[in-house]
Amino acid sequence: MKYSHQAILLVRKYFIFLLLLIFSGLSWAENKPLGILLSEYTYIDYQAFLAGRDILEVESFDGPRARREVVEMILFVKALHAGGYRTSYQPIFSESRYLRILKNLKRDKNRIAVNTFWLYDIKRSADDFYITDPVIPMGKYVVGLYTSVKNKKALSIRSREDLKDITVVSSKQWHVDWKAVNSMPFKAIYNAVEWFSMLRMVEANRADVMLFSFQASEDMGITRESIHIIPVPNVKVVLPGSRHWVVSKNMDNAEEIYSALQIGLAKMRKSGEVKKILNESGFIHPKVDSWELLNAEIIPLLTP
C-alpha cells in the first residue's frame, strides 16, 4: 500500500484525535499525560489494526498490520494498564534512528518509547534507565530471509551453504542484526541506514535478502508502497538477544511507570496473554517451527 505525504498528514491529524479519545477513555487520567514515541507508520498501522476497537477489549491479534512495532505498542498499553498505572497518552512522532532515540530518552522527562530495545544496546546506558524484564526473551526473536517474489535464486535457499551465493542488506547501527548477518557465509553484506532503503534494494535486486520478522498475512509477506517481499520458505534466523522496554530515570513518575510495566508484564505472561499476542500476530509463527535454523551455532557468541 502506498502512503502519499498528503494522506499521511490527514491520517496523522485524524489519528491523533482518535488515539487521544481512545486512550483518555481507558485511562481516567489519574496521572498527567504520558508522551509516547513512535513512528507515523507504526501509528497508522496500529489504528488500522484496531479498526475502532477498544484496545483493552481486543481478543484477536492477527491481521496484516500486526507487525512487531504494532504488537509492542499493544503490549505496552495493556501492561501499563494491567499494572495499575492510569494515564492518558500523547502520541509523539519520531523519525529518529534507533540508537538516537535511545540516546535522547536518557534525558527525557515526559516521553517514553513504546517499542523495545535490545539489551545489548541498553546495557551501555544501564545507569540511565530502569530496564524491564524481557518483552521478547532470548531465543524468541526469529526472523526470515525476506526477498522479492521475483528472486528465484533467493527463494531456492535451503541451507547455510546456499548463502555463499546470496547478498544481504542490513544496518550497522542494528548491532544484533549486523552481527548475525556477518556470522553467516553471505557472498556480500551491504549496509543501509534506513529500513525502506533496504526494501528498495531487495526489490531492485541490488541485494538478494534482508532480515525481517514473520507476518500474520497468508504468505507471511509485507507490502510497502507497492513493494511486496516474502520470506524464503523453510529457512529462518534467530537474533540472539532479548528486547526490553526502558524508562528513563529522569522521567516524572519513573519508578511508578517502571513498576507498573513490570507488574503488568508479569501478569500478562502468567495468564498467557503475551504468548497469545505474539503468536497470533505472527511474530512467533507456528508455521516456521520446523524450518531450518541457519545460525544456531553462533547464538552463544552473540549473547550480550
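For the stretch 230-268, enumerate the residues that are part of a helix (DSSP H, G or I) and out of contact with any helix residue (DSSP H, G or I) (no Cβ under 8 Å at 6 or more places or on another chain). Can you show your working first?
First, pick out the residues of the stretch 230-268 that are part of a helix (DSSP H, G or I): 254-268.
Passing the criteria: A254, E255, E256, Y258, S259, Q262, A266.
If I go through the stretch 174-221 residue by residue, how many of them are within 28 Å of I277 (Cα to Cα) and not charged (D, E, K, R)? Of the residues in the stretch 174-221, 21 are within 28 Å of I277 (Cα to Cα) and not charged (D, E, K, R).
For the stretch 162-186, taking the residues that are in contact with a helix residue (DSSP H, G or I) (Cβ under 6 Å, 6 or more places away or on another chain) and farther than 21 Å from R200 by Cα, the one that is surrounded by the fewest Cβ atoms within 10 Å (Cβ to Cβ) is identified as P185.
Take R65 and decide whether it is among the charged types (D, E, K, R), surrounded by 14 or more Cβ atoms within 10 Å (Cβ to Cβ) and more than 21 Å from P134 (Cα to Cα). Spell out the reasoning first.
Working: among the charged types (D, E, K, R): yes; surrounded by 14 or more Cβ atoms within 10 Å (Cβ to Cβ): yes; more than 21 Å from P134 (Cα to Cα): yes.
So R65 passes the test.
The set of residues from the stretch 179-193 being farther than 15 Å from S213 by Cα and free of Cβ contacts under 8 Å to residues at least 40 places away in the same chain comprises N182, P185, F186, K187, A188, I189, Y190, N191, A192.
Name the residue that is nearest to S148 (Cα to Cα), counting only residues in the stretch 202-223 that are among the β-branched types (V, I, T) and either crowded, with 24+ Cβ neighbours inside 10 Å or at pLDDT 95 or above (or both). Break it down stepwise before answering.
Within the stretch 202-223, the subset among the β-branched types (V, I, T) is 202, 209, 222-223.
From the residues that got through so far, the ones that are either crowded, with 24+ Cβ neighbours inside 10 Å or at pLDDT 95 or above (or both) too are 202, 209.
On the way: V202: 6, V209: 8 Å.
Only one residue tops the list, namely V202.
Between D133, D121, D128, the distinction of being surrounded by fewer than 16 Cβ atoms within 10 Å (Cβ to Cβ) and touching a residue at least 24 places away in the same chain (Cβ under 8 Å) belongs to D133 only. Every condition in (1) closer than 13 Å to T132 by Cα; (2) surrounded by 19 or more Cβ atoms within 10 Å (Cβ to Cβ) holds for V238 except the one numbered (1).
The values are calculated or read from the model by the stated rules, or taken from the named source; none is laboratory data. Quantities reported herein were computed from a predicted structural model and do not represent experimental measurements. Virtual Cβ from ideal backbone geometry, glycine too; neighbours counted across all protein chains shown.
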